[in-house]
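The values are calculated or read from the model by the stated rules, or taken from the named source; none is laboratory data. If you're wondering where the values come from, they're calculated on a predicted model, not measured in any experiment. Positions of Cβ are generated from backbone atoms using ideal geometry, with glycine treated the same way; all protein chains shown enter the neighbour counts. Ligands, DNA and RNA are stripped out before the accessible areas are found, and what is left, the full protein with its side chains, is counted by its heavy atoms. Shrake-Rupley method; radii C 1.70, N 1.55, O 1.52, S 1.80 Å.
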Amino acid sequence: MDVPLWLALLVAGYLGVKLVRPPWWLIAVLLLGGFLLADSVLAPAIDSFTK
């Protein structure tokens, strides 16, 4: 069974918010921080670390 990555991330995010109940500002900071890190000079280091 092949599940698209976007669907798996959407389900994991939904369950994480429903079960853990983090504050909305923390969710916004994590999303914005991840978006900014993906476009920074640290992106190659993070990419090699995650593989």
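One residue alone among Leu15, Leu5, Leu37 is under 12 Å from the mean Cα position of the chain (by Cα) and surrounded by 10 or more Cβ atoms within 10 Å (Cβ to Cβ), and that residue is Leu37.
Of all the residues in region 18-34, those that are open to solvent by 80 Å² or more (accessible area, probe 1.4 Å) and in contact with a helix residue (DSSP H, G or I) (Cβ under 8 Å, 6 or more places away or on another chain) number 0.
Pairs only if they're at least six apart or on different chains, beta carbon under 9 angstrom, first in region 34-51 and of a type in the set (S, T, N, Q), second surrounded by 10 or more Cβ atoms within 10 Å (Cβ to Cβ) and assigned to a helix (DSSP H, G or I); list them, first residue then second. Partner pairs satisfying both residue conditions: Ser40/Ile46. Pairs linking a residue in region 4-20 that is without any contact (Cβ under 8 Å) to a residue 12 or more places away in the chain to a residue that is surrounded by fewer than 10 Cβ atoms within 10 Å (Cβ to Cβ), with Cβ atoms under 7 Å and 6 or more positions apart or on different chains, do not occur.
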